[in-house]
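**Q** Let me begin by handing over the structure; questions about it come next.
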Amino acid sequence: MADIAQEMGVSTVTVSKALSDQKGVSEALRVKIKKKAQEMGYQLPAAHVRERAGRSYTFGVIVSDRFLAKYESFYWNLYQEVATAAVQKGCFTMLEVLKAEDEEKLVMPRLLGERKAEGLIIIGSLQEVYMEKLIEQVDIPFILLDFTDRNGAYDAVVSNSYMGMYRMTNYLFDMGHRKIGFVGNVFFTGSITDRFFGYLKSLAEHGVELQKEWVLQDRNQQTGRSDIGFAWKLPERMPTAFVCNNDVAAANLVEHLQQKGYRVPQDISVVGYDNYQPPGLCDVRITTYEVNMSGMAEQTVGNLISKLSGENYKQGVTIVDGRIVYKESVCEVKA
């Protein structure tokens, strides 16, 4: 540890706290110290691993209320999967929903101030300035769920957004579609951005140019709400199919298309993402890419326990794959 401290320019005490996941060290510095320790061949003493193995931990879970608006229940379900996975491991969770004004005013989560949580799970991306301040202040191990930071410096568990949307778009091409649009505010979250580029990859491989008028927003860019302060804007020249960044957007789009006199899928095919279609939004069962929520939750809880117990595990971004679920919202286009 003295060698590591000398290399990092910190005290041996700081190295000890970082390697044993004790409080008093920022998560950013903890990550750097652990990386350096791994490079230098340091191994946690077996007795210490045994001492910490099998412990019960309390995890704080935070999510922005921007993702919990009307119909936006995907993250509620994801949290429930996390809570279930934690209980199965003998651990417990405490949920805190961040209000929009708290993000704007940089008010830190209360559960951190109360110091009741030993580990932290952040579900869904937070505003960049808020995230930077949170990382500076958090002194317990944490994992990002369903998003990554810009530089990939912190441990995260995500779905395979890029390849998932690539496969969904390929499926539409296989069904004979050549005029395919994308639905989603492209840079609102990292996962939507990844899905957009998966869509672009499929277009490029099929020799189809992007039509910018076929990239539609599905929410208010400032608030993230799709039910308040937002109105659909359809292009004058319509494609034959849309890939949507999630099933809520897909269901809302189907409803709007039907109001405008279009039939789904006879006139326009629509596919979604998540395999979570809220009841009551539309009467069409939407073909989608199913996110393995239970797998993501189990991976997140397992990784966080490993960080807290001092076990060796591969740090970085873990990608959990999903699958296409075929339903009723796509029609084949005849040549």
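The values are calculated or read from the model by the stated rules, or taken from the named source; none is laboratory data. Everything numeric in this text was worked out from a predicted model, so none of it was measured. Note that each Cβ is placed from the backbone with ideal geometry, even for glycine, and that neighbours are counted across all protein chains shown.
**Q** Quick check, is LYS116 surrounded by fewer than 14 Cβ atoms within 10 Å (Cβ to Cβ), within 21 Å of the chain's Cα centre (by Cα), more than 24 Å from ASP274 (Cα to Cα) and among the basic types (Lys, Arg)?
**A** When the stated conditions are applied, LYS116 does not pass them.
**Q** Sticking with this one: Any residue at all in segment 85-93 that is among the small types (Gly, Ala, Ser), assigned to a helix (DSSP H, G or I), more than 14 Å from the chain's Cα centre (by Cα) and under 16 Å from THR300 (Cα atoms)?
**A** yes
**Q** Conditions: (1) in a loop (DSSP other than H, G, I, E, B); (2) touching a residue at least 60 places away in the same chain (Cβ under 8 Å); (3) closer than 16 Å to LEU172 by Cα. LEU210 meets all but one. Number of the miss?
**A** The failed condition is (2).
**Q** Something else about it: Within segment 24-64, count every residue that is within 18 Å of ARG115 (Cα to Cα), among the aromatic types (Phe, Trp, Tyr) and either modelled with pLDDT under 80 or assigned to a loop (DSSP other than H, G, I, E, B) (or both).
**A** Looking only at that region, the number is 1.
**Q** Looking at ALA204, is it surrounded by fewer than 20 Cβ atoms within 10 Å (Cβ to Cβ) and not in a loop (DSSP other than H, G, I, E, B)?
**A** So ALA204 passes the test.
**Q** Report, by residue number, each residue of segment 151-183 that is assigned to a loop (DSSP other than H, G, I, E, B) and free of Cβ contacts under 8 Å to residues at least 24 places away in the same chain.
**A** ASN151, the sole residue that qualifies.
**Q** Continuing with this model, one more query. Take segment 289-321 and flag every residue that is touching a Phe, Trp or Tyr at 6+ places or on another chain (Cβ under 6 Å) and at pLDDT 95 or above.
**A** Of everything in segment 289-321, just one residue is touching a Phe, Trp or Tyr at 6+ places or on another chain (Cβ under 6 Å) and at pLDDT 95 or above, namely TYR289.
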